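*Asks:* I am attaching a structure below and will ask some questions about it afterwards.
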Amino acid sequence: MVTPPPVAGRPVLPLRPELAGVEPYGAPQLDVPVLLNVNENPYAPSARVVDTIAQAVRDAAAGLNRYPDRDFLGLRADLAAYLGTESGVALAPEQLWAANGSNEIMLHVLQAFGGPGRTAVSFAPTYSMYPEYARDTHTDWVVGRRADDFTIDPEHAREVVAREQPSVVLLASPNNPTGTALPAATVEAVCEAALAVRVPLADGGAAPAVVVVDEAYGEFRRAGTPSALELLDRYPNLAVTRTMSKAFALAGARVGYLAASREVVDALRVVRLPYHLSAVTQAVARAALAHSAELLAQVSELRERRDETVAWLRSLRHPDGRPLEVAESDANFVLFGAFEDRHAVWAALLERGVLIRETGPDGWLRVSIGTGDEMRAFRQALVEVAGL
């Protein structure tokens, strides 16, 4: 890549060559009436939850002259208790790790297990931040393919893992941007293939690959869809990430976490920055977890609205008679298409005050599930602009 000439009056900086010309990641942040582009929970915490969080922050503020608990076992115990209730999987606090969003968790994983001379593998289309984590840690990035329905063929996955010999495999389930959840058999196939990988170690030995199942949208999965948490006791090389941003309506707090063996967690503790999780963040997260039942009460409603949205979109036809394509979703969003000019559709929706996301394969768009009023506005606008 050719570095652009310097702009008069601006300094020339020794930027890493692979970062030259790269734009920062991020969806548009626009002030419009209907925001359905970043998969947020549309329901704010109740006054009761806000009061609990405010008191917890006030208590934490009294000790802000001291560094926070860098190992935060109290928060980790609360997270373990929550997952035990949510997924029926018993975990020790030492098997949990937390950070500033699951984004930082993923970065910790690649800092610990990736790096120069190592490879991370995933299957496209998938979350667009994954290659950025690889880039930032100098980890090679390789993607296999997903099928036309956005599922992963287990045999293809095994072949990619065997060929590339990665140190890390990243699987999003439900997948972003498609919403597709992975059956347990597919995760098991990848974990088995990863156990056969031989990643060279400094002492001359070798180790298997680490498999990370990203369940950022796990709480929105449909009944009968398993969580990879159920496989942790069988695969010591498996880790499962979650977030409090989506189902907990806590995107502004930036809390993500990981469940894995103690050995995996201890490796992440080596690469984390000192005191990376502030006392205020810990207090907010624990206060929210104390109200988990209330905060998650809207999840079933959002699931139902998602399924209604999928059914409605599938009832539509393009002007030429083609049915609209709609991906199966276990998340709080729906991917649909394909449009000859998706940007024109996106822009026309925005003109009507509805912001969704241009992402995924060419021609596809993604809509987050909002309130009933927001989804009615989306439906009306889409029919108007796309002639469906």
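The values are calculated or read from the model by the stated rules, or taken from the named source; none is laboratory data. Please read these numbers as outputs of a predicted model, since none were measured by experiment. Note that we place each Cβ from the backbone using ideal geometry, even for glycine, and neighbour counts take in every protein chain shown. Only protein heavy atoms, including side chains, enter the accessible area calculation; ligands, DNA and RNA are left aside. Shrake-Rupley method; radii C 1.70, N 1.55, O 1.52, S 1.80 Å.
*Asks:* For the range 258-388, compute Rg over Rh where Rg is the Cα radius of gyration and Rh is the Kirkwood radius from the inverse mean 1/r over Cα pairs. Display every interim value, and only then the final one.
*Replies:* Working: Rg = 20.0 Å, Rh = 17.7 Å.
Looking at the range 258-388, the ratio lands at 1.13.
*Asks:* Taking θ = phi - 60°, what integer Hz values does the Karplus form 6.51 cos²θ - 1.76 cosθ + 1.60 yield along the range 18-28, in sequence order, with x for Gly and Pro?
*Replies:* 6, 9, 4, x, 7, 8, x, 5, x, 7, x
*Asks:* Could you calculate the FRET efficiency of residue 19 with residue 233 from 1/(1 + (r/R0)^6), where r is the beta carbon distance between them and R0 is 56 Å, rounded to 0.05? Walk me through the numbers before you get to the answer.
*Replies:* Numbers: r = 41 Å, r/R0 = 0.73.
Calculated transfer efficiency: 0.85.
*Asks:* Show me 35-42, 207-214, 222-229 ranked by packing, highest mean number of other Cβ atoms within 10 Å first. Don't jump to the answer; show the numbers that get you there.
*Replies:* On the way: 35-42: 21.4, 207-214: 24.8, 222-229: 16.0.
Taking the mean over residues of other Cβ atoms within 10 Å, the ranking is 207-214, 35-42, 222-229.
*Asks:* Would you compute the Debye intensity of the range 279-321 from its alpha-carbon atoms alone, equal scatterers and no solvent, and pass along log10 I(q)/I(0) at q = 0.22 Å⁻¹ to two decimals?
*Replies:* Debye curve over Cα of the range 279-321, log10 I(q)/I(0) at q = 0.22 Å⁻¹: -0.77.
*Asks:* Between the DSSP loop rule and a limit of at most 14 other Cβ atoms within 10 Å, which chymotrypsin sites (Phe, Trp or Tyr not before Pro) in the range 238-289 are left? If you can, show how the numbers build up before the last one.
*Replies:* Details: sites: 248, 257, 275; in loops: 248, 275.
Answer in residue order: 275.
*Asks:* Now a separate question. When a/c reaches 1.5 or more, the comparison of a/b and b/c decides; with that in mind, is the range 60-123 rounded, prolate or oblate per its Cα gyration tensor? It would help to have the intermediate numbers written out before the result.
*Replies:* Working: a/c = 2.78, a/b = 1.31, b/c = 2.12.
Cα axes put the range 60-123 in the oblate bin.
*Asks:* If I take all pairs of Cα atoms in the chain, what percentage of them are more than 38 Å from each other?
*Replies:* Numbers: 16406 of 75078 pairs.
It works out to 22 percent of all Cα pairs.
*Asks:* As a test question: what accessible area, to the nearest 10 Å², does residue 303 have when a 1.4 Å probe is rolled over all protein chains in place?
*Replies:* 70 Å²
*Asks:* Sticking with this structure for a sec: Report the Rg/Rh value for the range 247-302, based on alpha-carbon coordinates and the Kirkwood definition of Rh.
*Replies:* Values: Rg = 13.9 Å, Rh = 13.2 Å.
Rg/Rh for the range 247-302 comes to 1.05.
*Asks:* In addition: Leaving out ligands and nucleic acids, note down the accessible area per residue over the chain with a 1.4 angstrom probe, in whole Å².
*Replies:* Numbers: 17630 Å² over 388 residues.
I get 45 Å² per residue for this part.
*Asks:* Counting pairs of alpha carbon atoms under 8 Å apart in space and at least six apart in sequence, what relative contact order in percent does the chain give?
*Replies:* Details: 699 pairs, mean separation 82.4, N = 388.
Relative CO of the chain lands at 21 percent.
*Asks:* Between the alpha-carbon centers of the range 110-148 and the range 328-356, tell me the distance in whole angstrom.
*Replies:* 27 Å
*Asks:* Taking amide H positions as placed 1.01 Å from N in the peptide plane, with prolines and chain starts having none, which residues 5 or more places from residue 359, or on another chain, fall under 5 Å of its amide H?
*Replies:* Long-range HN contacts for residue 359: 366.
*Asks:* Measure off 7 Å from each Cα along the Cα-to-Cβ vector at residue 29 and residue 300, then give the distance between these two points in nanometres to one decimal.
*Replies:* That separation, rounded to one decimal, is 3.5 nm.
*Asks:* Which distance in nm do the two modelled labels at residue 129 and residue 311 give, with both placed 7 Å along the Cα-to-Cβ direction?
*Replies:* Each label point lies 7 Å from its Cα, and together they span 3.3 nm.
*Asks:* Using a ≥ b ≥ c from the Cα gyration tensor of the range 168-255 (square roots of the eigenvalues), is it rounded, prolate or oblate, where a/c under 1.5 gives rounded and otherwise the larger of a/b and b/c decides, a/b for prolate?
*Replies:* Numbers: a/c = 2.68, a/b = 1.71, b/c = 1.57.
Note, shape of the range 168-255 comes out prolate.
*Asks:* A follow-up question, please. Quantify, in whole percent, the carbon and sulfur part of the accessible surface of the chain (1.4 Å probe; protein heavy atoms only).
*Replies:* Numbers: 9330 of 17630 Å².
Answer for the chain: carbon and sulfur cover 53 percent of the accessible area.
*Asks:* If one computes P(r) from the Cα atoms of the range 117-173, what percent of pairs lie at distances over 18 Å? Could you put the intermediate results ahead of the total?
*Replies:* On the way: 441 of 1596 pairs.
Roughly 28 percent, once rounded to a whole number.
*Asks:* Further question: What is the spread of the Cα atoms of the range 73-160 along each of their three principal axes, largest first, in whole Å?
*Replies:* Projected onto the principal axes, the Cα atoms of the range 73-160 cover 39, 31, 20 Å.
*Asks:* Tell me, what is a quarter of the convex hull surface for the C-alpha atoms of the range 1-140, in nm² with one decimal? Display every interim value, and only then the final one.
*Replies:* Values: hull surface 60.1 nm².
Across all orientations, the range 1-140 yields a mean hull projection of 15.0 nm².
*Asks:* Summing +1 for each Lys or Arg and -1 for each Asp or Glu, what net charge is found among the other residues whose Cβ lies under 14 Å from the Cβ of residue 141?
*Replies:* Working: positive: 118, 135; negative: 18, 132, 136, 140, 164.
Neighbour charge sum, excluding residue 141 itself: -3.
*Asks:* While we're on this one: Nearest 5 is fine: what % of DSSP beta bridges in the chain come out antiparallel, could you say? Don't skip to the end; give the middle numbers.
*Replies:* Values: 19 of 38 bridges.
For the chain, the DSSP antiparallel bridge percentage is about 50.
*Asks:* In addition: Once label points are set 7 Å from the Cα along Cα→Cβ at both residue 340 and residue 50, what is their separation, rounded to one decimal in nm?
*Replies:* Computed distance between label sites residue 340 and residue 50 equals 4.8 nm.
*Asks:* For the chain, give the magnitude of the charge dipole about the Cα centre (Cβ charges: +1 Lys/Arg, -1 Asp/Glu; no others), in debye to the nearest 20. Intermediate results must be reported in sequence, preceding the final value.
*Replies:* Values: 36 positive and 48 negative charges, 129 e Å.
Using Cβ point charges on Lys, Arg, Asp and Glu, the chain gives about 620 debye.
*Asks:* Also, I was wondering about something else. Once Rh is set to the Kirkwood radius over Cα pairs, what Stokes-Einstein translational diffusion coefficient, in µm²/s, holds for the range 84-228 at a temperature of 37 °C and a viscosity of 0.692 mPa s? All intermediate terms of the calculation are to be shown ahead of the outcome.
*Replies:* Working: Rh = 15.7 Å.
Rounded to a whole number, D works out at 208 µm²/s.
*Asks:* Same structure, new question: Rank these by accessible area, largest first, 1.4 Å probe: 312, 364.
*Replies:* Numbers: 312 45, 364 25 Å².
Reading off the accessible areas and sorting them downward yields 312, 364.
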